[in-house]
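Visitor: One structure follows; several queries about it will come next.
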Amino acid sequence: MTFEDVLIEPILSEKANILREQNKYTFKVDPAATKIQIKEAVRKLFNVKVLDCTTMNVSGKTKRLRGRPGKTSSYRKAIVRLAPGEPIKVFEGI
């Protein structure tokens, strides 16, 4: 699994923006990726020092579309804590 395959996309929500002020960045990751692989991927792709990685499995929610029941996809989320003073420039617009 390459580094580009581990990180699927960043999560840009209100809660993720609040965490970013604490030097924590949130990503949607591959379900088979381990914490060590996620740390390495962030370190290599963004040239930052990763201190910690927390992962969680997010269950899909039940929704209705045109009166019929359905379900959103489940995914794995990772919150990565970086060293102080090392922001990811893509998120900060630098």
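The values are calculated or read from the model by the stated rules, or taken from the named source; none is laboratory data. None of the values given here were measured: they were computed from a predicted structure. Here the Cβ positions follow ideal geometry from the backbone for every residue, glycine too, while neighbour counts run over all protein chains shown. Please note that ligands, DNA and RNA were not included when accessible areas were found on the heavy atoms of the full protein model with its side chains. Shrake-Rupley method; radii C 1.70, N 1.55, O 1.52, S 1.80 Å.
Visitor: Could you tell me which residue of the stretch 38-52 is nearest to Glu9 (Cα to Cα), considering only residues that are touching a helix residue (DSSP H, G or I) at 6+ places or on another chain (Cβ under 8 Å) and surrounded by fewer than 18 Cβ atoms within 10 Å (Cβ to Cβ)?
Guide: In this case the residue turns out to be Leu45.
Visitor: Taking the stretch 9-20, which residues are closer than 13 Å to Ile79 by Cα and either basic (Lys, Arg) or open to solvent by 70 Å² or more (accessible area, probe 1.4 Å) (or both)?
Guide: Glu9, Leu12, Lys15, Ile18, Arg20
Visitor: Could you please give the count of residues in the stretch 56-71 that are under 23 Å from the mean Cα position of the chain (by Cα), more than 15 Å from Ile8 (Cβ to Cβ) and open to solvent by less than 100 Å² (accessible area, probe 1.4 Å)?
Guide: Within the stretch 56-71, the subset under 23 Å from the mean Cα position of the chain (by Cα) is 56-62, 71.
Checking the rest, the ones that are also more than 15 Å from Ile8 (Cβ to Cβ) come to 59-62, 71.
Of the ones still in play, those that are also open to solvent by less than 100 Å² (accessible area, probe 1.4 Å) are 59-60.
Residues flagged as under 23 Å from the mean Cα position of the chain (by Cα), more than 15 Å from Ile8 (Cβ to Cβ) and open to solvent by less than 100 Å² (accessible area, probe 1.4 Å) within the stretch 56-71 amount to 2.
Visitor: Any idea which of (1) open to solvent by 70 Å² or more (accessible area, probe 1.4 Å); (2) modelled with pLDDT of 95 or more is the one Gly85 doesn't satisfy?
Guide: (2)
Visitor: So which pairs qualify, if the first residue must be in the stretch 40-61 and basic (Lys, Arg), the second must be surrounded by 13 or more Cβ atoms within 10 Å (Cβ to Cβ), the Cβ gap must be under 6 Å, and the two must be at least 6 apart or on different chains?
Guide: Note: pairs meeting the criteria are Arg43/Val50; Lys44/Phe3; Lys49/Glu86.
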